Ligand code: NAP
């Protein structure tokens, strides 16, 4: 067995940032404005605070202006929707991110669905999901877009391969399954009621783990030579796959940290730049 390829999201994200930096500079040279990403954070969940800070830092690195809106824990669904509507109507805002998860009493999907799809750079609105699934022009859910970008960068064949996605959340499992389907993979989506999960996973050429349980996918569940995509990010920098033992069997894998995480942020930033380019009527430099 050959040494597996490390799908290095950290390095790829860095090089995408350099390209985005140039595109932001071009927007500024032509229009005198820079892209603006508005980020709403409700409450002060420590993990969310960290993610918002990391996204703000990434904005600063490429020249996007981050506009952080902190809302109190006790905000209602209506409060959040009102805030989103204000941002929808603000012509100076090009992207809107509602940091997930919001406190339990808030209807997250209703909030996501109130984001104008032309500013839905995190790809969370149901309408955005439908358009993406039907391959109509739409922003894509950030983590799935990061995963597909990484697989394509490393020329991992997707067409005709068996892909098994473990998890069916609206922000990760479902959209990544649809994106793999659109790349002509044969896709199986697993969840907490799936029977004989290890057997299903053993069929996979590409495994995407999006479960939220540390080292959930065991080494003896994976086929020799498969590609492991670990979207999990659990406390202590631990993914959803037992990578310590599984990587010796696979042909390529995403490390945790440094795999899917940086690509998620890079996708969000990229779609914010695209949104600003569209707003200013500038042709995008990439397709
Ligand atoms: P989520 O909303 O909690 O969804 C977890 C999914 O896993 C659900 O669909 C659930 O099935 C399924 N599941 C739970 N237990 C299972 C079991 N025993 N067998 C099979 N499936 C099971 O989580 P998420 O938001 O999608 O996040 C998943 C992971 O990705 C987390 O570790 C999170 O931290 C990470 N994440 C990383 C990034 C990044 O940028 N790297 C971004 C987002 C999320 P049911 O639907 O049946 O309940």
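Values quoted throughout were computed directly from the atomic coordinates according to the rules given, and no laboratory measurement underlies them. Since the model is a prediction, treat every value here as computed from it, not as a measurement. Virtual Cβ from ideal backbone geometry, glycine too; neighbours counted across all protein chains shown.
If a residue must be more than 16 Å from the ligand (Cβ to nearest atom), in contact (Cβ under 8 Å) with a residue 60 or more places away in the chain and farther than 21 Å from residue 118 by Cα, how many such residues does the range 64-105 contain?
Residues flagged as more than 16 Å from the ligand (Cβ to nearest atom), in contact (Cβ under 8 Å) with a residue 60 or more places away in the chain and farther than 21 Å from residue 118 by Cα within the range 64-105 amount to 0.
Specify the residue that is nearest to the ligand (Cβ to nearest atom); the eligible residues are those in the range 184-217 that are surrounded by fewer than 18 Cβ atoms within 10 Å (Cβ to Cβ) and within 20 Å of residue 146 (Cβ to Cβ).
Within the range 184-217, the match that is nearest to the ligand (Cβ to nearest atom) is 212.
It is to be established whether one or more residues within the range 10-29 are under 25 Å from residue 172 (Cβ atoms), touching a helix residue (DSSP H, G or I) at 6+ places or on another chain (Cβ under 9 Å) and not in a helix (DSSP H, G or I).
No, the range 10-29 contains no residue that is under 25 Å from residue 172 (Cβ atoms), touching a helix residue (DSSP H, G or I) at 6+ places or on another chain (Cβ under 9 Å) and not in a helix (DSSP H, G or I).
Inside the range 82-117, can you point out the residues that are in contact with a helix residue (DSSP H, G or I) (Cβ under 6 Å, 6 or more places away or on another chain) and in a helix (DSSP H, G or I)?
Result: 110, 111, 113, 117.
Hey, could you check the range 149-163 for residues that are over 12 Å from residue 185 (Cα atoms) and free of Cβ contacts under 8 Å to residues at least 40 places away in the same chain and say which is surrounded by the most Cβ atoms within 10 Å (Cβ to Cβ)?
Looking at the filtered set, the residue picked out is 152.
For the range 223-244: of the residues being free of Cβ contacts under 8 Å to residues at least 40 places away in the same chain and not in a loop (DSSP other than H, G, I, E, B), which is surrounded by the most Cβ atoms within 10 Å (Cβ to Cβ)?
Going through the qualifying residues, I end up with 241.
Any residue at all in the range 164-174 that is within 14 Å of the chain's Cα centre (by Cα) and part of a helix (DSSP H, G or I)?
Checked against the condition, which is being within 14 Å of the chain's Cα centre (by Cα) and part of a helix (DSSP H, G or I), the range 164-174 yields at least one hit.
Which of the numbered conditions does residue 220 fail, given that it passes all the others? Conditions: (1) without any contact (Cβ under 8 Å) to a residue 60 or more places away in the chain; (2) under 17 Å from residue 148 (Cα atoms); (3) not in a loop (DSSP other than H, G, I, E, B).
Going through the list (1) without any contact (Cβ under 8 Å) to a residue 60 or more places away in the chain; (2) under 17 Å from residue 148 (Cα atoms); (3) not in a loop (DSSP other than H, G, I, E, B), residue 220 breaks only (2).
Can you find a residue in the range 125-143 that is assigned to a helix (DSSP H, G or I), within 13 Å of residue 229 (Cα to Cα) and touching a residue at least 60 places away in the same chain (Cβ under 8 Å)?
yes
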